[in-house]
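One structure is given here, and the rest of the page talks about it.
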Amino acid sequence: MAPEKKTNVCAVCGSKSVWKMKSTPVEYQGETRHVQIAAWWCTNCDEAVLDGPALQAMTMARAKLKAEVDRRRSLERHGASASLPTPSPGKSRTPNH
């Protein structure tokens, strides 16, 4: 939800900040995704002040990116065998009773 006041002062450079939705990068090990974040954005230095929901969105986006990158790199290191195991031909998945 947007705050009542329309502008704020940037904590970094002292210029005017405005509340708006903006695409911002989330990075992990050289990979980048963009997430839409509502925050106070400085019109001069582009610094942002995030509230709780915006911080949570950034944290979730980074966790998702980390999981994607780590999974893909694990598969690349270990080949297809790192995916779901496949049973050997002629062997049953259920135990004999």
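The values are calculated or read from the model by the stated rules, or taken from the named source; none is laboratory data. Since the structure is predicted, the reported quantities are computational estimates derived from the model, not experimental observations. As a convention, Cβ positions derive from the backbone with ideal geometry for all residues, glycine included, and neighbour counts pool all protein chains shown.
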- Note on the structure: Note on the stretch 53-80: residues small (G, A, S) and either farther than 28 Å from E27 by Cα or modelled with pLDDT of 90 or more (or both) are A54, A57, A61, A63, A67, S74
- Any residue in the stretch 61-76 that's within 18 Å of H34 (Cα to Cα): show its pairings with residues that are surrounded by 14 or more Cβ atoms within 10 Å (Cβ to Cβ) and among the charged types (D, E, K, R) at Cβ separation under 9 Å, as long as the two are six or more apart or on different chains. A61/R33; R62/R33; K64/R33; L65/R33; E68/R33
- Please indicate, with yes or no, whether at least one residue in the stretch 35-50 is hydroxyl-bearing (S, T, Y), over 19 Å from the mean Cα position of the chain (by Cα) and modelled with pLDDT of 90 or more. yes
- Query: How many residues are assigned to a strand (DSSP E or B), farther than 14 Å from E68 by Cβ and in contact (Cβ under 8 Å) with a residue 12 or more places away in the chain if we restrict to the stretch 13-50?
  - Reply: 18
- Query: Out of (1) in contact (Cβ under 8 Å) with a residue 24 or more places away in the chain; (2) within 27 Å of V69 (Cα to Cα); (3) surrounded by 11 or more Cβ atoms within 10 Å (Cβ to Cβ), what's the single condition that is false for P53?
  - Reply: (1)
